[in-house]
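As structure tokens, the structure follows; a few thoughts come after it.
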Amino acid sequence: MNVAVLAIQGAFVEHENMLRRLGVTCVELRGASDLRKPFDALVLPGGESTVQGKLLRELGMSDDIKQRIADGMPVLATCAGLILLADRVVNDPRTYLRTLPIVVRRNAYGRQLGSFRTLGDVHGIDAHGKGAFPMEFIRAPYVEEVGDDVEVLAKIDTHVVAVRYHNQVATAFHPELTGDTRVHELFLDMIEK
């Protein structure tokens, strides 16, 4: 199995390390020519969504990636990746791929000082005695509205922080920074199905 990781900005190396721990081969996407490499699924990492969105367009990658997701390619998106997929962002007029029918709020918990760690339950991951999932929120968004057929996977307080929609799993937190592989395992199970 080959999983492509968008490697233009953000926490892509951490995703690659997590996937390699699970026996997955990673392909880095740094430009349009990399889209010709064979891969079965895609990871959109955390980072700065405005920078990633701008680079996706400038590097000629946006339309191809959007079409692959629309055609059913499995995708895992974390933090900034969630914003890239969102249909609408309430506090920013920019949108990017728009494949996920959700409305998000950028920097919903505040700037860097508003970053935090917590534990939460994620629907669909097997606890295997590990208990709640460790969630790292760094200048994180949250989901304000979900569209039809969007499954809520996790909430913190009343805020939606993880969703699944057909071939897309998206989190407001950074599972790649925790050492806990269960969200990535959920993603890999989705690819295999």
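Going by the conditions given, is D148 loosely packed, with under 13 Cβ neighbours inside 10 Å and without any contact (Cβ under 8 Å) to a residue 24 or more places away in the chain?
No, not satisfied.
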Looking at region 164-193, which of its residues are surrounded by fewer than 20 Cβ atoms within 10 Å (Cβ to Cβ) and among the hydroxyl-bearing types (S, T, Y)? Y165, T178, T181
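For region 174-186, indicate whether the set of residues that are among the polar types (S, T, N, Q), within 28 Å of M1 (Cα to Cα) and outside any helix (DSSP H, G or I) is non-empty. Full working, then the answer.
From region 174-186, those among the polar types (S, T, N, Q) are 178, 181; that's our starting set.
Narrowing the set further to residues that are within 28 Å of M1 (Cα to Cα) leaves 178, 181.
Imposing the further condition that a residue be outside any helix (DSSP H, G or I) reduces the set to 178, 181.
Yes, region 174-186 contains a residue that is among the polar types (S, T, N, Q), within 28 Å of M1 (Cα to Cα) and outside any helix (DSSP H, G or I).
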Of the residues in region 2-22, how many are among the small types (G, A, S) and touching a strand residue (DSSP E or B) at 6+ places or on another chain (Cβ under 6 Å)? 2
Within region 16-41, track down each residue that is small (G, A, S) and part of a helix (DSSP H, G or I). A32, S33
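Considering T171, T118, which residue is of a type in the set (S, T, Y) and in contact (Cβ under 8 Å) with a residue 40 or more places away in the chain? Quick ask: steps written out before the conclusion?
Values: T118 fails: in contact (Cβ under 8 Å) with a residue 40 or more places away in the chain.
Going through T171, T118 in turn, just one is of a type in the set (S, T, Y) and in contact (Cβ under 8 Å) with a residue 40 or more places away in the chain: T171.
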I'm trying to understand the selection: among the residues of region 138-165, which are assigned to a loop (DSSP other than H, G, I, E, B) and in contact with a helix residue (DSSP H, G or I) (Cβ under 9 Å, 6 or more places away or on another chain)? I138, R139, A140, P141
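In the set E192, E144, which member is more than 16 Å from the chain's Cα centre (by Cα), among the charged types (D, E, K, R) and within 20 Å of T50 (Cα to Cα)?
Numbers: E192 fails: within 20 Å of T50 (Cα to Cα).
Exactly one of E192, E144 is more than 16 Å from the chain's Cα centre (by Cα), among the charged types (D, E, K, R) and within 20 Å of T50 (Cα to Cα), namely E144.
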Which number in (1) crowded, with 17+ Cβ neighbours inside 10 Å; (2) more than 15 Å from A170 (Cβ to Cβ); (3) touching a residue at least 60 places away in the same chain (Cβ under 8 Å) marks the one condition that N17 misses? (1)
Please note which strands (runs of 3 or more DSSP E) are completely contained in region 47-137 and include at least 2 residues that are surrounded by fewer than 16 Cβ atoms within 10 Å (Cβ to Cβ) and over 16 Å from the mean Cα position of the chain (by Cα). 116-120
Looking only at residues in region 143-175 that are at pLDDT 95 or above and among the hydroxyl-bearing types (S, T, Y), which one is farthest from P45 (Cα to Cα)? Y165
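The values are calculated or read from the model by the stated rules, or taken from the named source; none is laboratory data. All figures in this text were calculated on a predicted structure; none of them were measured in a lab. Methodologically, a virtual Cβ is constructed for each residue, glycine included, from the backbone with ideal geometry; neighbour enumeration extends over all protein chains shown.
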